[in-house]
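To start, the structure itself, in structure tokens.
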Number of protein chains: 2
Amino acid sequence: MVKYDLNDVKLNEMEEAARRCSGLAVSMVARAKSGHPAGSLSSMKLYLAAYDMADLTPENCDGTDRDYVVISHGHTSPAAYAVLAHNGFVDPLEAVADFRRCGSAFQGHVERAIPGIDWGSGNLGQGLSAGVGYGLALKKRGLDRHVYVLMGDGEQPKGQIAEARRIAVAHGIKDITVLVDMNDIQISGKVEDVMPVNVEALWKADGWAVLEADGHDFRSIYRAMEEARGMDVPVVILCSTVMGKGVSFMEDRPDYHGKAATGDLYRQAMEELGQPDILVEVASLGDRVHYRGRSLEIPAVSIDIGSPRTYGVEEKVDNRSGFGNALADLGSLNCGVEGRTPILVFDCDLAGSVKTASFAKACPDGFIQCGIQEHSTATVAGAASCCGVIPVWADFGVFGLAEAYNQQRLNDINHGNLKLALTHVGLDVGEDGMTHQCIDYVSLLANTFGWKLVVPSDPNQADRATRWALADRGNVCLAMGRSTLHPLSDGKGKPFFGGDEAFRYGDAHLLRDGGDCAVLALGAMASKAMEAADRLSDKGIEIKVYAVSCPLEVDMDALKDACSTGNVIALEDHCARTGMGSIWSSAAAEAGLTGRWSFMGVKRYGDSGPSSDVYEAMGLSSEGLVAEVERLLRG
Amino acid sequence: MVKYDLNDVKLNEMEEAARRCSGLAVSMVARAKSGHPAGSLSSMKLYLAAYDMADLTPENCDGTDRDYVVISHGHTSPAAYAVLAHNGFVDPLEAVADFRRCGSAFQGHVERAIPGIDWGSGNLGQGLSAGVGYGLALKKRGLDRHVYVLMGDGEQPKGQIAEARRIAVAHGIKDITVLVDMNDIQISGKVEDVMPVNVEALWKADGWAVLEADGHDFRSIYRAMEEARGMDVPVVILCSTVMGKGVSFMEDRPDYHGKAATGDLYRQAMEELGQPDILVEVASLGDRVHYRGRSLEIPAVSIDIGSPRTYGVEEKVDNRSGFGNALADLGSLNCGVEGRTPILVFDCDLAGSVKTASFAKACPDGFIQCGIQEHSTATVAGAASCCGVIPVWADFGVFGLAEAYNQQRLNDINHGNLKLALTHVGLDVGEDGMTHQCIDYVSLLANTFGWKLVVPSDPNQADRATRWALADRGNVCLAMGRSTLHPLSDGKGKPFFGGDEAFRYGDAHLLRDGGDCAVLALGAMASKAMEAADRLSDKGIEIKVYAVSCPLEVDMDALKDACSTGNVIALEDHCARTGMGSIWSSAAAEAGLTGRWSFMGVKRYGDSGPSSDVYEAMGLSSEGLVAEVERLLRG
């Protein structure tokens, strides 16, 4: 490949680029009076080499058939922006002017809003997982593409990195090259003093080839990268570097990890780098924000969602099977079909319980076993979702969301298209007990601004929501318990959600009308609410029951109607103070809707026992609801 | 040590115990028709050996001067309960009768409510961190004690395990022995098929000695444990075992990972184990719940909290420095003082930013550098908090809570006594940008039932809250931004929180009275609210301002007073839909308090820039508040 041919002319150009980019990076930090200059300088030639080597251009960077570059040590953003400017992705002066400037896309840690940035990082230790996710998606799409990942040495102890290494090896992802900036300095001092890590042995133990290079010698870096491309295993190149390289007073000094050189020191730095005082030129640009970032559209997918399955009201089916059966249908309809977006189903050793085993059988090629490594799996699947596949990760709620919460938050920040199927949510985990009860799924996703959350009310809705979710653009979570239940009835013996009507995100459904009190029942709680409604009706009390399956999207018409009764009960298999009730009652308070509220949910850690017993002990039974309605009506 | 002397008599007793305990374990699962029998059988002799070897008895298990046993693969609880019964901690028949029974302490995954269980697990991969936490606390207390950790092989890929290994080695924790049940089977099949892990190489690379043993041969296990005790590094013993050992139809079969043997199969199993049908005897106990668990009291600490520092209203101080200075005071007053509970301050490479550097300088022995390994650090510090020390972990909000959320939840379930100091919360992170903005700290801890959360309003309150937190029993989180601010004034030029009055958890403070509108201002937002109040007063609008620093504890008097104005604004540097406002407005709705609410908080991911700019762009400025009050009053 011609790119490896580092002849003298090219070498000179690259050396000149390194000096220019170093000047830009130092200038950014000086202008913002904030940022990380020294790590940017030690990583500079690694950035230049990776972006030179990768088939990643301003023209193709919005597409998905190309090489990828992932930056894990996101605080070295000045180097990234400088190199992207050098390669024509962004304007160099705008990058300097806007760096860490409110309203600009040039954030302190790299974000995808900047063209050429493939993963927004900041939390250390997640970049390799993103790189592996891209590598996996490219491989499954049959593309002969390469992924480059840039990392720091300070982040090497993060456990998620080891998980990602193993996923790469287990799935034969070879077209990935990692460059580690071994500058040996982190905030608190020398890396070996802060937390010793046997980097080489660990990468080798996980099946990677380890090469070494001089991170300030382009010939050495290119030679290693060329060697890496020819190997049959994924490769990490440990690049020895000097923190602050090229600026005498920053070299090998921990204090310039996160400190600007300003005034005379800035000018000295630029002189040492052989660069002009860029800040003078930048000042002439004026004080406005120059670049607010590209818009990140999630590419359309091509998928046949088939026809919904309908479960009769006499059957007893669990929502997770409603999901799993629909997923298997989608697999059969789409996997291996020309022109369809590949569906990848991720598992962390729970396929039987989370009902993805049928899919795995129908589409073994689309089934990705990641072992008990949830942190990395969340990011691998999240990055894959940005690369022309539809990833579905099914796991217990505590593992897929509570453990991997920060990863799911970063999937949101990265505008992912992940489909997260959580089973065993709420108290409905069977006998596993309190550690396994995911009573925070509404609350956790409510902290993000992009995630959609569907808590299906019954298996018919679970089926329809699954088909909708895979075709929808953006991160979607389905949250389901473990128990079987009868599908909701339309009152005439037919399934309420039985028709051909597609799932519509944001609709609450009036299951029963009444004027004495309203119950907003989240997900499978709707059945219990309907049982209670029958009993109350026998006593002459008529309640409204709304099935709420989209807790993050307040259906204002339903809310107004509920509040019109004067008494609203939020009934949910979720922590009572942080769930749907808190969101919907806040919306009522904001809209000035009056009425007294009651929050029926989980108010202590739950017991270990059959779900029905655990619900009853928590007061979340139809009897409990009857009693609560009567208490409210007594005033 | 006499315990290693496994003479023939003792060996016979142990073999008999293994058969009896295996029978108990199989009976528990049969009775509950749920649970994990096969892994319990493969781990059985490891449990027996560890509890035999450890100086851990029914008499000393509530104290902290003793050996510790931590179970990481918590789903093998039947083996744990059986061995604890064998050693007199619990009643064997009650364990069988109550296993996975609603209301009983014999949960599906082990919990500390059972005497002899030192850490409640369930989420895999966390047990080693807990063991290291105990080892660290024992070492810092100068006790010659030992920690045993039992693990499964399926969990070996979890990244947190590697982090814990390194923390142990970095801090010279040698009195720890890990027994890994290498039964080679996890839910989805053979371990090497699900996710290959080079277990031996990884433990060695992290500096541990690796021994091997036959997990079904007591002599082999004891020999390895004896060898381990003599070594100068921490030791892991890889114990080769057979899944389902002793019951022919369970041996080496993945399907008995989590399945009960009932009816004839149960009787066959008991026959093969040479045990009577225990279920018959258990049936005679009747149907009530027998054992609800021990009460877990957090031991009193001995600490001199000194006298508060008071910052004058003309000074500008950041809350994190208020915390850091108080912490340094506490260090100077207590570290090395005879009879005082040791304070351990944990750091993940951010001491300068989180203001623990002064403590580190004053008390180097109490400063625990854990490197960039937040998941493990959270559990290490959490477990240490149950072992006679006061751990303080200071970190950025996104790292200490959002990344380690599940660990903090387990610290709550485990009734810990951790002091978590989060800095850089909200948008107040300087220029780091959206990935570093922890806008969910209220929401995350609101999902737990034990954590207390204090968001100090100013540095004077931060000082007092810090002193209170270290002396208080239970997990306490302090959440603070990065910016400096003037201490709140009492209106007469003196600091509002300046007196000798101790911090009282749960109080909101009326900073200013007025009848047109009320503002509930979380933490440092109080200053902005007071600025707005001045401006509004100039326009003839008088608002109430409450400083809220305990968002999880609704001060009902304050709330009623606020609602009496008819217009309440929740002002917080937090996701608007999940923060203090949602909790307090829900409480108002529940109490039937009327009034229109407005939720001023973070409504999209924030910008990267100086905090004041970022606040302004989000509308969280005093001008923004003035405008919102006027909007509300217009109706």
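Taking region B:427-450 only, how many residues are touching a strand residue (DSSP E or B) at 6+ places or on another chain (Cβ under 6 Å) and among the aromatic types (F, W, Y)?
Final tally of qualifying residues: 1.
Would you mind finding the one in A:L522, A:L552, A:L510 that is within 25 Å of A:T435 (Cα to Cα), modelled with pLDDT of 95 or more and either crowded, with 24+ Cβ neighbours inside 10 Å or more than 9 Å from every other protein chain (Cβ to nearest Cβ) (or both)?
Result of the check over A:L522, A:L552, A:L510: A:L522.
Go through region A:94-135 and report how many residues are in contact with a Pro (Cβ under 9 Å, 6 or more places away or on another chain) and under 28 Å from A:P342 (Cβ atoms).
Within region A:94-135, residues that are in contact with a Pro (Cβ under 9 Å, 6 or more places away or on another chain) and under 28 Å from A:P342 (Cβ atoms) number 6.
I'm trying to understand the selection: among the residues of region B:1-42, which are among the charged types (D, E, K, R), without any contact (Cβ under 8 Å) to a residue 40 or more places away in the chain and over 24 Å from B:V280 (Cα atoms)?
B:D5, B:D8, B:K10, B:E13
Any idea which of (1) closer than 28 Å to A:V389 by Cβ; (2) more than 18 Å from the chain's Cα centre (by Cα); (3) crowded, with 24+ Cβ neighbours inside 10 Å; (4) more than 14 Å from every other protein chain (Cβ to nearest Cβ) is the one A:Y505 doesn't satisfy?
In the conditions (1) closer than 28 Å to A:V389 by Cβ; (2) more than 18 Å from the chain's Cα centre (by Cα); (3) crowded, with 24+ Cβ neighbours inside 10 Å; (4) more than 14 Å from every other protein chain (Cβ to nearest Cβ), A:Y505 misses (3) alone.
Specify the residue that is nearest to the chain's Cα centre (by Cα); the eligible residues are those in region A:339-368 that are of a type outside the set (V, I, T), within 20 Å of A:N411 (Cα to Cα) and within 14 Å of chain B (Cβ to nearest Cβ).
A:F346
Would you mind finding the one in B:V455, B:V429, B:V425, B:V392 that is at the interface with chain A (Cβ under 10 Å from one of its Cβ atoms) and surrounded by 24 or more Cβ atoms within 10 Å (Cβ to Cβ)?
Matching residue, one of B:V455, B:V429, B:V425, B:V392: B:V429.
Quick one: which residue in A:G624, A:G619 is on the phi > 0 side of the Ramachandran plot and free of Cβ contacts under 8 Å to residues at least 60 places away in the same chain?
A:G619
Take the residues in region B:102-113 that are within 24 Å of A:S612 (Cβ to Cβ) and touching a residue at least 40 places away in the same chain (Cβ under 8 Å), then tell me which one is surrounded by the fewest Cβ atoms within 10 Å (Cβ to Cβ).
Across region B:102-113, the extreme among qualifying residues is B:G103.
Please state which of the following conditions A:L84 fails to meet, knowing it meets all the rest: (1) within 14 Å of chain B (Cβ to nearest Cβ); (2) crowded, with 24+ Cβ neighbours inside 10 Å; (3) of a type outside the set (V, I, T).
Unmet condition: (1).
Could you list, ordered by first residue, the pairs with Cβ atoms under 7 Å in which the first is in region A:560-576 and under 19 Å from A:D513 (Cα atoms) and at pLDDT 95 or above and the second is assigned to a loop (DSSP other than H, G, I, E, B) and of a type in the set (D, E), at least 6 apart or interchain?
A:T565/A:D516
B:G474 is checked against (1) of a type outside the set (A, V, I, L, M, F, W, C); (2) in contact with a strand residue (DSSP E or B) (Cβ under 8 Å, 6 or more places away or on another chain); (3) not in a loop (DSSP other than H, G, I, E, B) and fails just one. What number does that condition carry?
(3)
Working only within region A:396-410, note down all residues that are out of contact with any Phe, Trp or Tyr (no Cβ under 8 Å at 6 or more places or on another chain) and either more than 14 Å from chain B (Cβ to nearest Cβ) or farther than 17 Å from B:L401 by Cβ (or both).
A:F396, A:F399
Give A:A587, A:A591 a once-over and let me know the one that is surrounded by 18 or more Cβ atoms within 10 Å (Cβ to Cβ) and within 22 Å of B:A587 (Cα to Cα).
A:A587
Got a number for residues in region A:591-629 being more than 24 Å from A:D557 (Cβ to Cβ), facing chain B (nearest Cβ under 8 Å) and of a type in the set (G, A, S)?
Selection size over region A:591-629: 3.
If I ask for residues that are among the small types (G, A, S) and either under 19 Å from the mean Cα position of the chain (by Cα) or within 10 Å of chain B (Cβ to nearest Cβ) (or both), which ones from region A:91-115 would you list? Break it down stepwise before answering.
First pass over region A:91-115, keeping only residues among the small types (G, A, S): A:95, A:97, A:103-105, A:108, A:113.
Listed by number, the residues that qualify are A:G103, A:S104, A:A105, A:G108, A:A113.
Out of A:R482, A:R473, which single residue is surrounded by fewer than 24 Cβ atoms within 10 Å (Cβ to Cβ), under 27 Å from B:M434 (Cβ atoms), in contact (Cβ under 8 Å) with a residue 60 or more places away in the chain and charged (D, E, K, R)?
Just one listed residue meets the conditions, A:R473.
Out of region A:30-52, which residues are of a type in the set (K, R) and closer than 25 Å to A:Y222 by Cβ?
A:K45, the sole residue that qualifies.
Pick from region B:427-456 the residues that are among the β-branched types (V, I, T) and touching a His at 6+ places or on another chain (Cβ under 7 Å): which of them is nearest to B:D613 (Cα to Cα)?
B:V429
For region B:170-212, how many residues are on the phi > 0 side of the Ramachandran plot and buried (at least 23 other Cβ atoms within 10 Å of the Cβ)? Working first, answer last.
Of region B:170-212, the ones on the phi > 0 side of the Ramachandran plot are B:172, B:184, B:189, B:207.
From what is left, the residues that are buried (at least 23 other Cβ atoms within 10 Å of the Cβ) are none.
Within region B:170-212, residues that are on the phi > 0 side of the Ramachandran plot and buried (at least 23 other Cβ atoms within 10 Å of the Cβ) number 0.
How many of the residues in region B:35-74 are touching a strand residue (DSSP E or B) at 6+ places or on another chain (Cβ under 9 Å) and either among the aliphatic types (A, V, I, L, M) or closer than 20 Å to B:R20 by Cα (or both)?
Looking only at that region, the number is 17.
On the basis of being assigned to a helix (DSSP H, G or I), within 9 Å of another protein chain (Cβ to nearest Cβ) and over 10 Å from B:L128 (Cα atoms), does B:I161 make the cut?
Taking the combined requirement at face value, the residue does not satisfy it.
Name, by its number, the condition in (1) in contact with a Phe, Trp or Tyr (Cβ under 8 Å, 6 or more places away or on another chain); (2) away from chain B (no Cβ under 14 Å); (3) outside any strand (DSSP E or B) that does not hold for A:F449.
For A:F449, the failing item is (2).
Can you tell me how many residues in region B:296-338 are at pLDDT 95 or above, more than 25 Å from the chain's Cα centre (by Cα) and among the small types (G, A, S)?
Final tally of qualifying residues: 4.
Going through region B:138-190 one residue at a time, which ones are charged (D, E, K, R) and closer than 16 Å to B:A50 by Cβ?
B:R145, B:D175, B:D181
The values are calculated or read from the model by the stated rules, or taken from the named source; none is laboratory data. Treat the numbers as computed from the prediction; the structure is a model and nothing was measured. Cβ sites come from the backbone with ideal geometry, for glycine too, and all protein chains shown count toward neighbours.
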